[in-house]
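For reference, the structure is listed below as structure tokens.
The values are calculated or read from the model by the stated rules, or taken from the named source; none is laboratory data. In this text the structure is predicted, and so the values were computed from the model without any measurement. Because the Cβ atoms are built from the backbone with ideal geometry, glycine has one as well, and the counts that use them run over all protein chains shown. Please note that ligands, DNA and RNA were not included when accessible areas were found on the heavy atoms of the full protein model with its side chains. Shrake-Rupley method; radii C 1.70, N 1.55, O 1.52, S 1.80 Å.
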Amino acid sequence: MPRSCRLKVGPFEPEFAGKMNFYLNLLNEQVKLPEENSSIGIILCAEKNMVEVEYALSGMANPIGVAESKYRKQLPAKLKRELPGASALKKRCRKKFQKIESLDIRLLIALGIIRC
């Protein structure tokens, strides 16, 4: 199912709903296959005012959700122990893409397709 997710660093702005609705209309018209369900949208913001969100989303035909996301400057200790470090992730990326000879990792990174 096509979906669109946008991460906003600041607080929710009503314009975000209109832009998300535009993206969803585009996905439904140009990308979605006939056998797939309609696209859904998720907007993640640093903070939201529910009154603004409700007015911004009222009348929209596409399903759009707005959620607050919390940012941390550092990973919690438990996650730090469980997740691989940056160098291990780079190594995994390189190992994975070495199997695909025709791909140039530097090009994929430059295009923003992968991050290592």
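Observations on the model:
- In region 43-70, the residues that are surrounded by 13 or more Cβ atoms within 10 Å (Cβ to Cβ) and in contact with a Lys or Arg (Cβ under 6 Å, 6 or more places away or on another chain): Ile43, Cys45, Val66
- Screening Asn21 against (1) assigned to a loop (DSSP other than H, G, I, E, B); (2) touching a residue at least 24 places away in the same chain (Cβ under 8 Å) leaves a single unmet condition, (1).
- Within region 15-40, if we keep just the residues that are of a type in the set (Gly, Ala, Ser) and at pLDDT 90 or above, the residue that is most open to solvent (accessible area, probe 1.4 Å) turns out to be Gly18.
- Screening the candidates Lys73, Lys78 for the property of being open to solvent by 70 Å² or more (accessible area, probe 1.4 Å) and either assigned to a helix (DSSP H, G or I) or modelled with pLDDT of 85 or more (or both) yields one hit, Lys78.
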